[in-house]
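Q: The structure is given below, and queries will be raised subsequently.
The values are calculated or read from the model by the stated rules, or taken from the named source; none is laboratory data. All values derive from a computational prediction rather than experimental measurement. We place every Cβ from the backbone using ideal geometry, glycine too, and count neighbours over all the protein chains shown. Surface accessibility is based on the protein's heavy atoms, side chains included, excluding ligands, DNA and RNA. Shrake-Rupley method; radii C 1.70, N 1.55, O 1.52, S 1.80 Å.
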Amino acid sequence: MNSIRKNRITDTLFNYLGIASTMFGLIMLAIFITNILIDGIARIDWQFLTSLPSRKPERAGILTAWTGTAWILGLTAVFAIPLGVAAGIYLEEYGKKNKLGTIIEINITNLAGVPSIIYGLLGLEIFVRILHFGASLMAGAFTLALLILPIIIVATREAIRAVPSSLREASFGMGATKWQTIWHQVLPAASGGILTGIILSLSRAVGETAPLIVIGALAYVPFVAKTPLDEFTVLPMQIFNWTSRPQHGFIINAAAAIIILLVLTFIMNGIAIYLRNRWQKRVKW
Amino acid sequence: MPTIQTIDINAWYGTKQALKNISLEIEEHSITAFIGPSGCGKSTFIRIFNRMNDYIEGFKMEGQVLIDRQDINAKEVRVEELRQRVGIVFQKPNPFPKSIFENVAYGLRIQGINDKKVLSEVVEKSLMRAALWDEVKDDLNHPALSLSGGQQQRLCIARTLAVEPKIILMDEPASALDPISTSKIEDLATELKENYTIIIVTHNMQQAARISDKTAFFYMGEMIEYDKTTDLFTNPRHERTENYITGRFG
Amino acid sequence: MVRIKEKVIEGLLMTAGMITILTTLGIIWILFSESYGFFKEVHIVDFLSDTQWTPLFAQKHYGILPLLSGTLLVTFIAIMVALPLGIIIAIYLSEYAPANFRNKVKPSLEILAAVPTVVYGFFALTVVTPFLQNFIPGLSTFNALSAGMVMGIMIIPMISSLSEDALTAVPKSLREASYGMGATRFQTAIKVTVPAASSGILVSVILAIGRAIGETMIVTIAAGQQPVFTFDIRQSVETITAYIVQVSLGDVQHGSLEYQTIYAAGITLFLFTFLLNNISYFIKKKYQEKYE
């Protein structure tokens, strides 16, 4: 009898410990967002969004940074989406049983765990030096595209795997070829899951700093990029640069820029979660 | 005097009613069989006797379950203690991924008993009563999952016996087994009756007829008929029961 | 015609798949070829045993140990934060929490992993360190402790989500068997579900360690740039990743020995994460279909 009582007390205590631990992470997140809001929200105004960088914190703005982030987002998407989706289709529909497929699969698991800064070293050598892109948007976008490729591939595979084989068989049964079946049946059915993965991966690319520092992206760029071969900066680079300055004014600028970056990240993640939920509900075959 | 008595049991999963006004009494040292088509509520009902439905989300119950005249849903009843008195064996054998010995010793270990000598004695006794001892006595440290399906199910029975319950619930214990293993489980149930009160859910009417003293027929959440097994099978009072036992539906 | 078209498409798709292999080969080739130049100048024994790392100073030393100790120290702190919290959360969510609570909390926790790391760095430097300085005398502005703790918070969802998936995959029948014998949820978790899910939990921890070792911005911003061979958590340390950033921000001549040091540091980092990845892949493959 006594041991049952003891066991029940442990059980109840663990229940509270579990709630407390779960809340701990969320509370830290809340503290940390509140702090940044208090520091930075007042700094966000039209001037901040439309000004070039400056040595004086009160005159500096994030125009080059957010336009750079928009460029990077677009270019990375253009490079990474077709490659990632194509590779995902190959692995799931063609290469499942052959040796090449297995090698690619192990390889992708490995790539997903390679630190982002190593991709920076790769990009520096291949895109900046060998292909002579310099520290341009192109070099940055290609580097980030390689970084997020594994995420898109894995998401594509999972989405395709969730498509029931009955759908494929129905299509084959009507005389469709493999590619016709994939293009007309499998991909539309898997599109929700693929899109979710793409958005999450792009949100990751938008927040990356380290690989861009390594390829030589600059924090101080006094003009807005016009072509993909221009030099650039992005929001995280600008935040990093301001954070490492001693003047308090720059810390406030960093907080304000963080708010913009977080809004962007949360919107992208929110869309992805929304799509995932909708897709999961619909896919009750 | 009945050991088990239920009074006006109603139960729901969410808004769907699973059991309707079920009242019955079960005698000590007997085997009672619950039969009926799939989804008739018999499995929901058997799980009420040791509150296995507690952790199922959306499950709600009204009515009283008395075991030895005590309301098992009363506030002061500790569900863990109840389950030590009312053991359960499931449809599919579900040994833990541990050794044979540790499977049987599990119930004692969670009560804080770790004395190796006590554990060994209980393990041996329980395996003997479950008619498994001779087959595994040299392999007690082997993983339980290396046993055959029938052996696994007898191991699960031994595991239940080890905590010395008074009542054993068996939820279709032989439905996943081959005919030989099934008959071993049936023989075992008949032997255990001397010391335990047994309730068994089964799909298999021959099985109910062979081993049980009383049988209850369930249909759509209601208990249609409850009688001595011989009477229920030879002389059913309700048409639905007759249709079911003669195989006209099910 | 149709057959040719099908073959061409398959070829194109395969090429896309091959790009991932080229990426890996590219990484390995670049790391090896650039650090080859480095190891021609610096003996590998010195690299592994010298306790000073001062390539940018006049008095040059090329011992990786200070960077390695910095990396491992911060990783250790991060894991000390994330491991207990992550596993407690996973057990709580899989064994205790009602489904609708779990479905709300899980995505919320994953936000922690979606926040850009530069933001965590800012948080560690401007909030956590000043806060901790109230209690810990001698905590310098840049220190391993704040960076490690904040990194730990960031990787909580990696451990909690993957571990919860592993726990949820344990068949319900095992839980019921345990409850049926009078075990509490806590006993069931400790004695049945956690052991049964141990390989999945282990994988989540290994992946989290890999992530912590490779994390860059938090440590660059909050842990500092002092390559000292120390295990004092109050001090400023430099990790491998922070060193690569430090050199990249500066003006170092391409092809010089200083330049090649970032590849030597990079290859050390890569080997660590490569090893951890493969261990986790191996565990996953070996123990994947344990149930049924």
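Q: Given (1) surrounded by 24 or more Cβ atoms within 10 Å (Cβ to Cβ); (2) under 25 Å from residue C:274 (Cα atoms), identify the lone condition not met by residue C:180.
A: (2)
Q: Taking the stated definitions as given, is residue C:26 of a type outside the set (A, V, I, L, M) and touching a residue at least 40 places away in the same chain (Cβ under 8 Å)? Walk me through how you get there before you give the answer.
A: On the way: of a type outside the set (A, V, I, L, M): yes; touching a residue at least 40 places away in the same chain (Cβ under 8 Å): no.
So residue C:26 fails the test.
Q: Could you check the range A:128-159 and list, in sequence order, the residues that are farther than 14 Å from residue A:76 by Cα and aromatic (Phe, Trp, Tyr)? Outline the logic, then answer.
A: Quick first cut of the range A:128-159, residues farther than 14 Å from residue A:76 by Cα only: A:128-135, A:153-159.
Listed by number, the list holds a single entry, A:133.
Q: State yes or no: is residue A:20 closer than 26 Å to residue C:88 by Cβ and open to solvent by 30 Å² or more (accessible area, probe 1.4 Å)? Full working, then the answer.
A: Values: closer than 26 Å to residue C:88 by Cβ: yes; open to solvent by 30 Å² or more (accessible area, probe 1.4 Å): yes.
In short, yes.
Q: Which residues, taken from the range B:162-206, are open to solvent by 60 Å² or more (accessible area, probe 1.4 Å) and of a type in the set (S, T, N, Q)?
A: The answer is B:175, B:190, B:195, B:206.
Q: Turning to a different aspect of this structure: Suppose we keep only residues that are in a strand (DSSP E or B) and charged (D, E, K, R) within the range B:1-42. Which one would you say is surrounded by the fewest Cβ atoms within 10 Å (Cβ to Cβ)?
A: Going through the qualifying residues, I end up with B:16.
Q: Looking only at the range C:88-125, which residues are more than 8 Å from every other protein chain (Cβ to nearest Cβ), open to solvent by less than 10 Å² (accessible area, probe 1.4 Å) and either more than 21 Å from residue C:167 (Cα to Cα) or aromatic (Phe, Trp, Tyr) (or both)?
A: Within the range C:88-125, C:120, C:124 qualify.
Q: Just need a number here: residues in the range A:94-110 that are open to solvent by less than 30 Å² (accessible area, probe 1.4 Å) and either part of a helix (DSSP H, G or I) or more than 8 Å from chain C (Cβ to nearest Cβ) (or both).
A: 5
Q: Could you tell me whether the range B:54-62 includes any residue that is closer than 30 Å to residue B:147 by Cβ, open to solvent by less than 20 Å² (accessible area, probe 1.4 Å) and among the aliphatic types (A, V, I, L, M)?
A: no
Q: Select from the range A:44-82 the residues that are touching a Pro at 6+ places or on another chain (Cβ under 9 Å), open to solvent by less than 50 Å² (accessible area, probe 1.4 Å) and not in a loop (DSSP other than H, G, I, E, B) and list them in ascending order.
A: A:63, A:64, A:65, A:69, A:75
Q: So, one more: Output the helices (runs of 4 or more DSSP H) that fall wholly within the range C:167-221 and possess 1 or more residues being more than 30 Å from residue C:271 (Cα to Cα) and out of contact with any strand residue (DSSP E or B) (no Cβ under 6 Å at 6 or more places or on another chain), or say none.
A: C:172-180, C:185-188
Q: Identify, please: which residue in the range B:225-243 is open to solvent by 90 Å² or more (accessible area, probe 1.4 Å) and in a helix (DSSP H, G or I) and is, among those, nearest to residue B:211 (Cα to Cα)? Before you say what the answer is, go through the steps one by one.
A: Of the range B:225-243, the ones open to solvent by 90 Å² or more (accessible area, probe 1.4 Å) are B:228, B:230, B:234-235, B:237, B:239-240.
Among the residues that remain, those that are also in a helix (DSSP H, G or I) are: B:230, B:234, B:239-240.
Numbers: B:230: 11, B:234: 15, B:239: 24, B:240: 22 Å.
My answer is B:230.
Q: Kindly list, by first and then second residue, each pair from a residue in the range A:57-75 that is farther than 20 Å from residue A:247 by Cβ to a residue that is aromatic (Phe, Trp, Tyr) and at pLDDT 90 or above, limited to pairs with Cβ atoms under 6 Å and residues at least 6 apart or on different chains.
A: Hits for this filter: A:68/A:232.
Q: Shifting gears a bit: Just checking, which of C:282, C:231, C:272 is assigned by TED's automatic domain parsing to the domain that holds residue C:211, aromatic (Phe, Trp, Tyr), under 23 Å from residue C:205 (Cα atoms) and assigned to a loop (DSSP other than H, G, I, E, B)?
A: Working: C:282 fails: assigned to a loop (DSSP other than H, G, I, E, B); C:272 fails: assigned to a loop (DSSP other than H, G, I, E, B).
Of the residues listed, the single one that is assigned by TED's automatic domain parsing to the domain that holds residue C:211, aromatic (Phe, Trp, Tyr), under 23 Å from residue C:205 (Cα atoms) and assigned to a loop (DSSP other than H, G, I, E, B) is C:231.
Q: Then there's this: Kindly indicate whether residue A:260 is facing chain C (nearest Cβ under 10 Å), within 29 Å of residue A:59 (Cβ to Cβ) and at pLDDT 90 or above. So that I can check it myself, show each step before the final result.
A: On the way: facing chain C (nearest Cβ under 10 Å): no; within 29 Å of residue A:59 (Cβ to Cβ): yes; at pLDDT 90 or above: yes.
It is false that residue A:260 is facing chain C (nearest Cβ under 10 Å), within 29 Å of residue A:59 (Cβ to Cβ) and at pLDDT 90 or above.
Q: Give the range C:134-186 a look and list any residue that's under 30 Å from residue C:121 (Cβ atoms), of a type in the set (S, T, N, Q) and facing another protein chain (nearest Cβ under 10 Å), or say none.
A: Within the range C:134-186, just C:160 meets the criteria.
Q: Same structure again: What is the residue count in the range C:242-272 for residues that are within 14 Å of residue A:120 (Cβ to Cβ), open to solvent by less than 10 Å² (accessible area, probe 1.4 Å) and either of a type outside the set (Ser, Thr, Tyr) or at the interface with another protein chain (Cβ under 9 Å from one of its Cβ atoms) (or both)?
A: 9
Q: To continue, here is another question. Please name all residue pairs, on different chains or six or more residues apart, with Cβ atoms under 6 Å, provided the first residue is in the range B:220-237 and is farther than 21 Å from residue B:30 by Cα and the second residue is assigned to a loop (DSSP other than H, G, I, E, B).
A: B:221/B:41
Q: Which members of the range B:76-99 meet the condition of being more than 7 Å from chain C (Cβ to nearest Cβ), part of a loop (DSSP other than H, G, I, E, B) and not acidic (Asp, Glu)?
A: Listed by number, the residues that qualify are B:77, B:78, B:91, B:93, B:95, B:98.
Q: A further question follows. Only one residue in B:70, B:84, B:91 is within 26 Å of residue B:27 (Cβ to Cβ), open to solvent by less than 50 Å² (accessible area, probe 1.4 Å) and modelled with pLDDT under 95. Which one?
A: On inspection, the qualifying residue turns out to be B:84.
Q: A further question on this structure: Does at least one position in the range C:30-43 carry a residue that is in contact (Cβ under 8 Å) with a residue 12 or more places away in the chain, assigned to a helix (DSSP H, G or I) and either in contact with a Gly (Cβ under 7 Å, 6 or more places away or on another chain) or facing another protein chain (nearest Cβ under 7 Å) (or both)?
A: Checked the range C:30-43: at least one residue is in contact (Cβ under 8 Å) with a residue 12 or more places away in the chain, assigned to a helix (DSSP H, G or I) and either in contact with a Gly (Cβ under 7 Å, 6 or more places away or on another chain) or facing another protein chain (nearest Cβ under 7 Å) (or both).
Results for (1) under 30 Å from residue C:253 (Cα atoms); (2) under 20 Å from the mean Cα position of the chain (by Cα); (3) more than 13 Å from chain C (Cβ to nearest Cβ); (4) surrounded by fewer than 20 Cβ atoms within 10 Å (Cβ to Cβ), shown as yes or no for each residue.
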| site | (1), (2), (3), (4) |
| --- | --- |
| A:233 | yes, yes, no, no |
| A:237 | yes, yes, no, no |
| A:241 | yes, no, no, no |
| A:274 | no, yes, no, yes |
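Q: If you check residue B:146 against the conditions, is it over 26 Å from residue B:42 (Cβ atoms), surrounded by fewer than 17 Cβ atoms within 10 Å (Cβ to Cβ) and among the hydroxyl-bearing types (Ser, Thr, Tyr)?
A: Yes; evaluated as a whole, the condition is true for this residue.
Q: Still on this structure: Hey, among the residues in the range C:187-206 that are open to solvent by less than 50 Å² (accessible area, probe 1.4 Å), of a type outside the set (Val, Ile, Thr) and in contact (Cβ under 8 Å) with a residue 24 or more places away in the chain, which one's nearest to the other protein chains (Cβ to nearest Cβ)?
A: Filtering first and then ranking leaves C:196.
Q: I'd like to check something: does the range A:153-160 contain any residue that is under 30 Å from residue C:2 (Cα atoms), at the interface with chain C (Cβ under 10 Å from one of its Cβ atoms) and either of a type in the set (Asp, Glu) or crowded, with 16+ Cβ neighbours inside 10 Å (or both)?
A: Yes, the range A:153-160 has at least one match.
Q: Let me ask something else about it. When you go through (1) at pLDDT below 95; (2) buried (at least 17 other Cβ atoms within 10 Å of the Cβ) one by one for residue C:169, which number turns out not to apply?
A: (2)
Q: Those residues that are modelled with pLDDT of 90 or more and of a type outside the set (A, V, I, L, M, F, W, C), I need them from the range A:23-49; list them, please.
A: A:34, A:35, A:39, A:40, A:43, A:45, A:47
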